[in-house]
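Reviewing the structure listed below.
Quick note: the coordinates plus some simple rules give every number you see, no bench work behind them. Everything quoted here is computed from the prediction, not taken from an experiment. Heads up, the Cβs are rebuilt from the backbone with ideal geometry, glycines too, and the neighbour counts pull from every protein chain shown.
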Amino acid sequence: MGYGLILVDVQRNMLEGRDAVAGAAAFRDLLSGLLDAARDADAAIIHVKNDGRAGDPDEPGTPGWELVFAPLPGEPVVRKDAANTFESNPALADVLRAMGVDTVVVAGLQSEYCVQATAVGALERGFDVIVPAGAHSTYDDGEPAADIVERVTLELVAAGVEVPELDELTFD
């Protein structure tokens, strides 16, 4: 079984500065550890950048649009303008399969938008999907962020996504 890590929208606009998600420093550390584990296991890694509209905090070319973690050689960066990374990148499933991936680990921002849509998109394309507990975050939006994260986690499980504790996840 080949593993791939898809880091969704791990961009400066959501993890740095006054507009960062709550607990951004701890969340960044968690994602850094997940990325290190994937790299240590030689898993395939895809970095995803959301292309916001003009004036958005993630407008292409602005500081907020930049990735938090610098990709290493061989770690593709894909851009998207839709919540589902696979929708914006129709060849992504084939790229992952060519990299030997049949199980994707999805992590990043925002839980109820791009993380959930990308995880479901991966399922629809025949991948086994893992979204580790605590490996996605969001903002308060009509309800507390923690409640949104919990709701999305339950919806992902109902859709067929595996949600292990982070310390139970291995990339081998």
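Taking every DSSP beta bridge that has both residues in the chain, what percent is antiparallel when rounded to the nearest 5?
Working: 1 of 22 bridges.
Rounded to the nearest five, the antiparallel share is 5 percent.
Can you order the peptides 19-27, 149-157 by their average number of other Cβ atoms within 10 Å per residue, highest first?
Numbers: 19-27: 14.7, 149-157: 16.3.
So the peptides 19-27, 149-157, ranked by packing, come out 149-157, 19-27.
Taking neighbour counts of Cβ atoms within 10 Å as a proxy for exposure, in what order, fewest first, do 103, 85, 138 appear?
Working: 103 17, 85 27, 138 23.
The most exposed by this proxy come first: 103, 138, 85.
GNM on the chain, C-alpha springs below 10 Å: top fluctuator among 97, 125, 18?
With Cα springs under 10 Å in the chain, the top fluctuation among 97, 125, 18 is at 18.
GNM, the chain, Cα, under 10 Å: largest mean-square fluctuation among 143, 162, 112?
143
Just 121, 55, 33 to compare: in a GNM of the chain, with alpha carbon springs under 10 Å, which one fluctuates most?
Answer for the Gaussian network model of the chain: 55.
Between [x] -0.57; [y] -0.32; [z] -0.39, which entry matches log10 I(q)/I(0) by the Debye sum over Cα atoms at q = 0.10 Å⁻¹ as derived from the coordinates of this structure?
Calculated log10 I(q)/I(0) by the Debye sum over Cα atoms at q = 0.10 Å⁻¹: the matching label is [y].
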